[in-house]
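A quick write-up on the structure given underneath.
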Amino acid sequence: MPLPRLALVLAAGLLLAALSPRPATAEELIVSAAASLGSAMSDVKKAFEAEHPGLTVFVNFAASGQLLQQIEAGAPVDVFAPADQVTMDRAARDGLIDPATRVDFTANDLMLTVPADENAVTCVADLGGDKVGKVALGEPDAVPAGSYTKQVLDGLGLWEKLSPKMVYGLSVKQALDYVALGEVDAAFVYATDARMAQKRVRVVAALTGHAPIVYPAAMLAACPRKEAAKAFIDFLHGTKGQAILASYGFKDPSAAK
């Protein structure tokens, strides 16, 4: 079930309303990043600003598909960092990014998780049992984690069987919240999200059978702050940026499977 178009339009409108009144200057850089990058990217922002006095980075976090919808609606974004190649490919196809600046800067894994005190689920196949009523995942058409999950379940022949139990989140973070709060019996989330919530969720299995979870970043074609945007992207896949990402459990993109 796709995200309501009205919700996407409203989200884009809110971002435009928040940013448009402020005139574009060389002192502010606007980054739209996948929700799963939240804490790590916030630390990257701080470290980057420390090396670039006078330059402020504003980071907008949401599901990758929603971020692209905002860009398509005219949101003033300088750097785009979704959680998958497909979304960036769409942005490139529509001429929204500068392809020469596109780089893969980090990677992740997909995990099946359950509430910390849940013991009924030991593998993906258990999700089809009577003891499991609800399973959370990101909306596959807008949230890369949901798309990766669908690839896994399609490969196992379980997608149709589990569909009646599925609860879709507007981002992978929302799917994580559902399982951490015990509102669902299981959820498919990234390894980095499970790590952040390790006191509230338990990892049942690391999943395979999906495209490599590699995060790209690129400067927008219409970016008016090209030097600052390029500097931020360089910082992301440079030594300091990579160290920050690794501290949150993200992987080198060359290690993605």
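The values are calculated or read from the model by the stated rules, or taken from the named source; none is laboratory data. Model, not experiment: these values are computed from the prediction. FYI the Cβ positions are ideal-geometry reconstructions off the backbone, even for glycines, and counts take in every protein chain you see. What goes into the accessible areas is simple: the full protein's heavy atoms, side chains included, and nothing from ligands, DNA or RNA. Shrake-Rupley method; radii C 1.70, N 1.55, O 1.52, S 1.80 Å.
As a summary of the residue check, PRO99 satisfies the conditions (1) under 24 Å from GLY249 (Cα atoms); (2) of a type outside the set (A, V, I, L, M, F, W, C); (3) open to solvent by 20 Å² or more (accessible area, probe 1.4 Å) except for the one numbered (1). Among residues of the stretch 194-216 that are touching a residue at least 24 places away in the same chain (Cβ under 8 Å), those with a Cβ under 6 angstrom from a residue that is of a type in the set (A, V, I, L, M, F, W, C) and open to solvent by 60 Å² or more (accessible area, probe 1.4 Å), sequence gap 6+ or separate chain, pair up as ALA194/VAL203. Of all residues in the stretch 241-257, those that are at pLDDT 95 or above and in a helix (DSSP H, G or I) total 7. Candidates VAL44, VAL114: the one that is within 30 Å of ARG202 (Cβ to Cβ), of a type in the set (A, V, I, L, M), at pLDDT 95 or above and more than 16 Å from the chain's Cα centre (by Cα) is VAL114. Among residues of the stretch 55-66 that are under 13 Å from SER147 (Cβ atoms), those with a beta-carbon under 9 Å from a residue that is in a loop (DSSP other than H, G, I, E, B) and of a type in the set (D, E, K, R) at least six positions away or on a different chain give the pairs ALA63/GLU139; SER64/ASP84; GLY65/GLU139; GLY65/ASP141. What residue, of GLY146, GLY182, GLY169, is in contact with a Pro (Cβ under 8 Å, 6 or more places away or on another chain) and closer than 28 Å to VAL86 by Cα? On inspection, the qualifying residue turns out to be GLY146. The set of residues in the stretch 66-85 that are within 13 Å of the chain's Cα centre (by Cα) and open to solvent by less than 10 Å² (accessible area, probe 1.4 Å) comprises LEU67, LEU68, PHE80, ALA81, PRO82, ALA83.
The residue of the stretch 196-240 that is modelled with the lowest pLDDT, among those that are aliphatic (A, V, I, L, M) and in a helix (DSSP H, G or I), is MET196.
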